[in-house]
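Heads up, the thing below is written out as structure tokens.
The values are calculated or read from the model by the stated rules, or taken from the named source; none is laboratory data. These numbers come from a predicted model, not from an experiment. Don't worry about glycine lacking a Cβ; one is built from the backbone with ideal geometry, like all the others, and counts go over all protein chains shown. Note: accessible area is taken over every heavy atom of the protein model, side chains too, but ligands, DNA and RNA are not part of it. Shrake-Rupley method; radii C 1.70, N 1.55, O 1.52, S 1.80 Å.
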Amino acid sequence: QLNQLMAAPLLSISTKEHTFEAQFHPSRALVACATITGEVELHGFDLDQCSEELSQTITGHKRSCRAAKWMSESILASTGADKLALLSDLESDQQVWRCKLKSAGYCLLPLDDQRFAVGDDDGGLRIFEARQPKATVSWFENNDFIADLAMGTDGTSLCAASGDGTLAVYDIRKSGEKGLIAMSDFQDDELLSIVVLRRGTKVICGTQSGMLPIFSWGDFGDQKDRIKGHPMSIDAMVKLDEDGIITGSSDGKLRVVSVHSKSLGSNLLGVLTEQDAADYPIERLALSQDGAQMLSTSHGKPSVQLWSTEAARRLLNGESWKSIFEVEAAELGDDAAAELDSSDEEEQPKKKRRKEKKKGKKAVPGGNPKQHQAAKFFAGL
């Protein structure tokens, strides 16, 4: 019955191969999908017609492409397990820049239309410029994979969430130790995703355990607060506004979370929806330029789904689930109503091993055959 109270996808995008990340084009109805074969599939879509089609395929990576993001209207940056960072031109369908990395690339963040940062499997972090053949700035302060990146509002501080359990902040103008602004204490947890919010005063991280630790800007030594409620790891997050995020978890669910909201506090407001392939983890989330739509990426099929963010925004504005989805309380059974009123207070976090990020392998809580199959499939990528 609670499925009635979940948002439905606006569109499912059928990629030929399993997808690690999907990103909206800056201005066109086009999605770039980084796939396990190393190709980036470009899919055009029409929400009015509820249709999508593969329009172009960009090649260049010999192994899995783990991250691909738009630098501009026509330039796409990507990195992957083949230890390459690439810039590809959509119009000419050609690579216009490439650089060999020391380790497999794991995540990528554009800084402007010429510069982008790449975090790798071994904790290395580099900034590249399209006009330069090698990295212009580099750091090697982390001891394990760089899972996610976010820029501070000052425009010079780059935040890195790492599998070594630390949050590091770097000055993008300085290399090496001189560029390390701050590093948190070990958090007894792998940090897997990151968002800067509250007008640059707070940094929130997704973790392996399902906790959401919150750091205060300028005081990164240890978390100052945390939000409980996710039963499994939080691999992806997007910022909806200055006090609200959507999270993607390894249980396949998307959740709405308020962060230091004046009216809602810091709370997990509940499950927004779940990927159709709910037995597989949500790997990445991405917002459209206007914030009205969101992409989720999962190992299952369909790998990529497109959602409206309207329901999440209404939740963050204080509306109830029942009013948003227009379901009368009388239509719900007692058990379903109780579950709804609990605001998604799910089972306590389960102990499980983190996936081998360097190998693209997702660790699986015991008992789910589809997750075991996914873990086996992605081993060694």
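Of the residues that make up segment 296-312, is at least one surrounded by 13 or more Cβ atoms within 10 Å (Cβ to Cβ), at pLDDT below 95 and of a type in the set (Phe, Trp, Tyr)?
No: zero hits.
For residues that are out of contact with any Gly (no Cβ under 7 Å at 6 or more places or on another chain) and closer than 21 Å to Ser308 by Cα, scanning just segment 45-61, find the one that is surrounded by the fewest Cβ atoms within 10 Å (Cβ to Cβ).
Asp48
Test Arg126 against the stated conditions and say whether it is basic (Lys, Arg) and closer than 23 Å to Ser74 by Cβ.
Working: basic (Lys, Arg): yes; closer than 23 Å to Ser74 by Cβ: no.
For Arg126, the condition - basic (Lys, Arg) and closer than 23 Å to Ser74 by Cβ - is not met.
Residues in segment 135-156: is at least one surrounded by 19 or more Cβ atoms within 10 Å (Cβ to Cβ), in contact with a strand residue (DSSP E or B) (Cβ under 9 Å, 6 or more places away or on another chain) and among the hydroxyl-bearing types (Ser, Thr, Tyr)?
For segment 135-156, residues surrounded by 19 or more Cβ atoms within 10 Å (Cβ to Cβ), in contact with a strand residue (DSSP E or B) (Cβ under 9 Å, 6 or more places away or on another chain) and among the hydroxyl-bearing types (Ser, Thr, Tyr): absent.
Considering only residues that are at pLDDT 85 or above and touching a Leu at 6+ places or on another chain (Cβ under 9 Å), look in segment 274-289 and name the one that is most open to solvent (accessible area, probe 1.4 Å).
So, considering only residues that are at pLDDT 85 or above and touching a Leu at 6+ places or on another chain (Cβ under 9 Å), the one most open to solvent (accessible area, probe 1.4 Å) is Leu287.
Where residues in segment 248-273 are part of a strand (DSSP E or B) and among the hydrophobic types (A, V, I, L, M, F, W, C), which of them is surrounded by the most Cβ atoms within 10 Å (Cβ to Cβ)?
Step by step, filter segment 248-273, then rank; the result is Val257.
Take Leu197 and decide whether it is crowded, with 18+ Cβ neighbours inside 10 Å, more than 23 Å from Phe145 (Cα to Cα), at pLDDT 95 or above and in contact with a Leu (Cβ under 7 Å, 6 or more places away or on another chain).
No: the conditions fail for Leu197.
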